[in-house]
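The values are calculated or read from the model by the stated rules, or taken from the named source; none is laboratory data. This is a predicted model, so every value here is computed, not measured. Neighbour counts are summed over all protein chains in view; Cβ atoms, including those assigned to glycine, are modelled from backbone coordinates with ideal geometry.
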Amino acid sequence: MYAPLNYDKINLIEGTFTPSPVKNRNNISFDYWFRSLFHRAQSSIIFGLPSFWQGEISDFWYYCLYRFGYLSIQDLTKSKYADARKLGMCFNPVGLTGYDFYFQYTTALLSNPMLKETLELEIGKDCCIIKLTPDYMGIFDVIDFYADKLSQLDNAINMSIINNKFAYVMAGKTKGAVAALKKMMDQINAGTPAVFLDQRLMNDRESKDSPFQFLERSNLKNSYLTTDQLMDLHTLLSDFDAEVGIPTVAYQKKERMTSYESESKLADGASRALTWKNSLEASFKKCKELYPELDISFKLRWENFTNENNNDRNGNSSSDERTTSV
């Protein structure tokens with residue numbers, strides 16, 4: 001329903017974007033890139049979940065970790081809340097509150113439409129927290145950052161493709177001259193090997209009495225061409241891959257760049273993924289202590305790819321794929 005906005009609300013909305021007139025996120029292109037990058041990032045970690053958390057439930061698992069950065073696992077079969085017992089072993093996004101001596105959260109607040117009231121769960125006793133990142137944040141800020149740039153560049157590419165179709169602007173003084181120019185361009189675009197014009201149209205073309213004039217785009221090579229924009233698009237995707245742990249190399253290998261330099265971005269791409277791995281391993285260890293019967297595993301999809309590259313370069317054999325389990 002339509003809701004009128006007061007002066008303060010309008011200022012808040014306008015001030016959220018810089019520069020204010022540009023609204024890059026309220027369009028289909030941004031939504032496309034955001035969704036595409038989310039799926040791209042999701043592929044970097046493979047979770048092995050119990051059979052009762054497969055299918056659509058596993059999709060929710062990924063969404064919680066990537067969107068919120070953490071989730072809570074709890075066994076509610078013996079909960080003091082009667083309506084929660086039927087849920088059994090479950091996971092859900094929660095609110096966190098309370099601090100211990102080291103300013104770590106002590107209480108999880110579980111609120112869900114299936115529950116009549118909010119559950120207060122003591123972390124380490126009633127539930128365990130699985131963290132993707134050490135700072136309890138997801139990666140939607142990273143996805144938003146790159147989706148914004150890709151959306152803007154995508155729009156520029158669309159405009160460039162259209163504008164690049166026009167190499168000349170031609171003006172005719174009479175209807176006959178305009179018709180002749182149209183016919184000439186039709187024949188050229190149709191691939192006619194030779195185009196014939198009335199010689200009177202070509203006489204004294206630069207004089208004021210010329211029946212038509214050309215406005216030539218002679219500096220096309222100095223423009224931001226579609227090829228450059230497509231190259232930048234791939235560079236942005238490569239940078240995003242490096243952010244989420246997908247092995248990547250520089251989109252263009254420079255003439256005097258060594259193989260080691262061209263592959264150095266592999267280590268850059270692994271840094272954030274290894275941070276996620278350490279955070280997940282620490283979370284799974286605590287969860288294993290609380291729920292020994294719960295079987296969850298995960299692995300970085302591209303970790304061995306990086307190791308194999310390093311081993312191949314050093315002449316060593318690659319190690320077997322490793323999986324971390326709860």
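Computed quantities for the displayed model
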{"read-out": "Failed condition for K183, given (1) modelled with pLDDT under 85; (2) more than 42 Å from the chain's Cα centre (by Cα); (3) surrounded by 10 or more Cβ atoms within 10 Å (Cβ to Cβ)", "value": "(1)"}
{"read-out": "Leading residue by the ranking (surrounded by the fewest Cβ atoms within 10 Å (Cβ to Cβ)) among those in the stretch 73-115 that are outside any loop (DSSP other than H, G, I, E, B) and among the aromatic types (F, W, Y)", "value": "Y99"}
{"read-out": "Any hit, the stretch 2-17, residues being surrounded by 10 or more Cβ atoms within 10 Å (Cβ to Cβ), closer than 23 Å to L236 by Cβ and either at pLDDT below 95 or not assigned by TED's automatic domain parsing to the domain that holds L280 (or both)", "value": "yes"}
{"read-out": "Qualifying positions in the stretch 116-142 - buried (at least 16 other Cβ atoms within 10 Å of the Cβ) and hydrophobic (A, V, I, L, M, F, W, C)", "value": "L119, L121, I123, C127, C128, I129, I130, L132, I139, F140, V142"}
{"read-out": "Residue match in the stretch 133-141 (condition: in a helix (DSSP H, G or I) and at pLDDT 80 or above)", "value": "yes"}
{"read-out": "L119 being in the same structural domain as W53 (by TED's automatic domain parsing) and at pLDDT 90 or above", "value": "no"}
{"read-out": "Test: F140 is in contact with a helix residue (DSSP H, G or I) (Cβ under 9 Å, 6 or more places away or on another chain) and free of Cβ contacts under 8 Å to residues at least 12 places away in the same chain", "value": "no"}
{"read-out": "Meets criteria (among the hydroxyl-bearing types (S, T, Y), touching a strand residue (DSSP E or B) at 6+ places or on another chain (Cβ under 9 Å), in contact (Cβ under 8 Å) with a residue 24 or more places away in the chain and closer than 23 Å to W276 by Cβ) for Y70", "value": "yes"}
{"read-out": "Scope the stretch 24-54; condition assigned to a helix (DSSP H, G or I), exposed (fewer than 12 other Cβ atoms within 10 Å of the Cβ) and not aromatic (F, W, Y); matching residues", "value": "I28, H39, S51"}
{"read-out": "Breaking point among (1) at pLDDT below 65; (2) small (G, A, S); (3) over 20 Å from F240 (Cα atoms), for S264", "value": "(3)"}
